[in-house]
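Remarks on the structure that follows.
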Amino acid sequence: MREAAGARARTRLALFAALAVTAGGTGLALAPAPAAWLALPLAPLGAFVIVASRRGNVQTVLGESIAAIALAGAGSPVAVAGGMSLRDALVIWSAWSLAYAATVIVVHHVLAHHRRASAFAGAPSGLAVVLLCGTLVVWSTAFPLASFATPLAIAAVIVLIWRPRATRLRAIGIAFLASSVVAALCAITTLRRSARDNELEDSFRAAMAAHHAH
């Protein structure tokens, strides 16, 4: 039964993979050049995740962090193809990557502290979270749009300081999910406000041009 189910699963995987490649290739062919170029770095990231998953070592700090970066950037080419500026797409991708990587490291930090039962367990992981969150703060100063990921970064820092037991991982995951939803809503609100401001600015410039023409 296992062999039959495995063969059926492999057939379905091949079918859906072929459909995904066809749909993705068609989308890239029709997309503007910036969107197509933005998809290039996703290829090696996705390949790494697939290979690591097959080898069974994706559930490491490095493997999960790269998977988080790949997933965070998966929508960037679509966003650019839909009209978002390349800069905004890159800022959003980088902010999600920093925040998600922080949550990945925090979870492994909690597990390391549980296994070692030491006050200094997972200290390098804690330092890495601080560096990632600090980078997000600096990035947000240069690009205010990146501040949307602050709720997720704050949640990671709270868990880092709180250091709950490993048995609370489900609750930690739910907290990170809720923080991700809040961060996404912040990003959407910021982008809509920016688009509205740009429309008002364009209307004002058009009105001034018409006034000077008369």
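In this simple spin-label approximation, Val181 and Thr26 carry label points 7 Å from Cα along the Cα→Cβ vector, and these lie 3.3 nm apart.
Take the alpha carbon gyration tensor of the range 1-89, find the square roots of its eigenvalues, order them as a ≥ b ≥ c, and report rounded if a/c is under 1.5; if not, report prolate when a/b exceeds b/c, else oblate. Oblate shape, in that a/c is at least 1.5 and b/c is the bigger or equal ratio. Mind running the shape call on the range 67-173? Use the C-alpha gyration tensor, a ≥ b ≥ c as the square roots of the eigenvalues: rounded below 1.5 for a/c, prolate if a/b tops b/c, oblate otherwise. Prolate, because a/c is 1.5 or more and a/b exceeds b/c. FRET efficiency for the pair Leu62 and Arg115, taken as 1/(1 + (r/R0)^6) with r the Cβ-Cβ distance and R0 = 22 Å, rounds to 0.75.
Placing a pseudo-label 7 Å from each Cα along the Cα-to-Cβ vector at Trp37 and Ile158 gives an inter-label distance of 4.0 nm.
Each label point was placed 7 Å from the Cα along the Cα-to-Cβ direction; for Ala18 and Arg165 their separation is 5.1 nm.
Laboratory data are not the source of any read-out in this text; all were calculated from the coordinates shown. Not measured: the values here are computed from a predicted model. Quick reminder, even Gly has a Cβ in these numbers, built from the backbone with ideal geometry, and neighbours come from all protein chains shown.
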